[in-house]
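The values are calculated or read from the model by the stated rules, or taken from the named source; none is laboratory data. Quick caveat, the model's predicted, so the values are computed rather than measured. All Cβ positions, glycine included, derive from the backbone under ideal geometry; neighbour counts span all protein chains shown. Ligands, DNA and RNA are excluded from the accessible area calculation, which covers all protein heavy atoms including side chains. Shrake-Rupley method; radii C 1.70, N 1.55, O 1.52, S 1.80 Å.
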Amino acid sequence: MSELSFEQMLEDSVKTIRNGEIVQGTVIDVKDDEIILNIGYKADGIITKNEYTNDSSVVLTEAVHPGDTMEVKVLKVNDGEGQVILTYKRLAAEKGNKRLEEAFESQEVLKAPVTQVLDGGLCVNVEETRVFIPASLVSDTYEKDLSKYANQEIEFVVTEFNPRRRRIIGNRKMLLLAEKAEKQKALMERLHVGDTVEGVVKNVTDFGAFIDLGGADGLLHISEMSWGRVENPKKVFSVGDEVKVLVKDINEDKIALSMKFPEENPWLTAAEDFAVGNIVKGRVARMTDFGAFVELAAGVDALLHVSQISREHVAKPSDVLSIGQEIEAKVVDFNGEDKKISLSMKALETAPEEPAAEAAEETMEE
């Protein structure tokens, strides 16, 4: 039996590898464009940067260090120059696909960083596998600008999995809606008509404001914003304002709110403040042909009849008064039950002396 040469014995002691095989390796050197591994084979293995990651911003010398161990896949046992070509990203992608398939089947909630913001949505990476989240599935509300999600970690579920067509779709909106439904249920269970709660202004319209109560939105109608008159909600509230509101009504999932707190009702003290005979000041709020309505306090209006504007004849209130004008008048009638108050400016005017009376006085003097 012939003796084996040293080269033959060395070759026999080294393991054999095949294309497509998964092997373990130890990093022995890292360059700008490649990683060199000892894989226990007669030749070292090479991972180019393109076979390490799809992220061009990654710096190999910072990401990998000598002594690190890596699991890789063999692409070519011999590249023609005696080197073994390896891939890290393809093996990671295979693992990622398997991971995503399991998550798709179980509807597991995944968390991953946003790697790319596109006009049509977001891209996230799960173990080197790309998942696309369309813009319509990013949020439960329309968002024109998705740039705020760049580099953020977000949660989502995989709702479509087709790796052959490279179509793996994520859905974040589903989670937000489910979370919102839970919060809404919890809020509705503890919310009652008459409760005073705090919220944040979410949206302001011409007819009112929508208030986020922490689980559901309530409508604060323009007529319920104050005991007084509000002409334009947008001049009173801004998105993000913190407000304290009263729950006026709950109808299934609709919540009506108010800022007319009962203890602040101006009519509680109106009988004293605007008693008959009191001289008061007010602002002309609106006018009709028969008179002007004067705001004495927020939520308390009084009628100044056209016949009570002046001792002189006034055809229409608008002939002598204007909206917003401040006037002084005397309270001549108060009806707390019907919430009606009548005023008179004429009562404050000095009555002119009667001509007959003047003549009588002259006769007496003679």
Taking segment 168-209 and keeping residues at negative phi and part of a loop (DSSP other than H, G, I, E, B) leaves Arg172, Leu191, His192, Val193, Asp195, Thr205, Asp206, Phe207
Of those in segment 130-154 that are surrounded by 14 or more Cβ atoms within 10 Å (Cβ to Cβ) and part of a strand (DSSP E or B), the residue modelled with the lowest pLDDT is Arg130
Of Glu252, Glu242, Glu264, the only residue that is surrounded by fewer than 16 Cβ atoms within 10 Å (Cβ to Cβ), in contact with a Phe, Trp or Tyr (Cβ under 7 Å, 6 or more places away or on another chain) and closer than 30 Å to Leu187 by Cα is Glu264
Subset of segment 47-71, residues in a loop (DSSP other than H, G, I, E, B) and open to solvent by less than 60 Å² (accessible area, probe 1.4 Å), comes to Tyr52, Thr53, Val58, Val64, Gly67, Asp68
I'd like to check something: does segment 85-100 contain any residue that is open to solvent by 40 Å² or more (accessible area, probe 1.4 Å), in a helix (DSSP H, G or I) and among the hydroxyl-bearing types (Ser, Thr, Tyr)? no
Selection over segment 28-67 where residues are more than 20 Å from Ala92 (Cα to Cα), in contact with a strand residue (DSSP E or B) (Cβ under 8 Å, 6 or more places away or on another chain) and among the charged types (D, E, K, R) yields a count of 2
Note to self: Among the residues of segment 157-174, are any under 25 Å from the mean Cα position of the chain (by Cα) and of a type in the set (Asp, Glu)?
What the structure shows: no
The residue from Glu272, Glu312, Glu295 that alone is among the acidic types (Asp, Glu) and in a helix (DSSP H, G or I) is Glu272
Checked Gly214, Gly208, Gly194 against criteria (in contact (Cβ under 8 Å) with a residue 40 or more places away in the chain, more than 30 Å from Asn125 (Cα to Cα) and among the small types (Gly, Ala, Ser)); the one match is Gly194
When restricted to Gly228, Gly277, the only residue open to solvent by less than 30 Å² (accessible area, probe 1.4 Å), in a loop (DSSP other than H, G, I, E, B) and under 24 Å from Ser342 (Cα atoms) is Gly228
Across (1) basic (Lys, Arg); (2) under 30 Å from Ala347 (Cβ atoms); (3) free of Cβ contacts under 8 Å to residues at least 60 places away in the same chain, Lys173 clears everything bar (2)
- Qualifying residue in segment 16-35 (condition: assigned to a helix (DSSP H, G or I), within 50 Å of the chain's Cα centre (by Cα), modelled with pLDDT of 90 or more and not hydroxyl-bearing (Ser, Thr, Tyr)): no
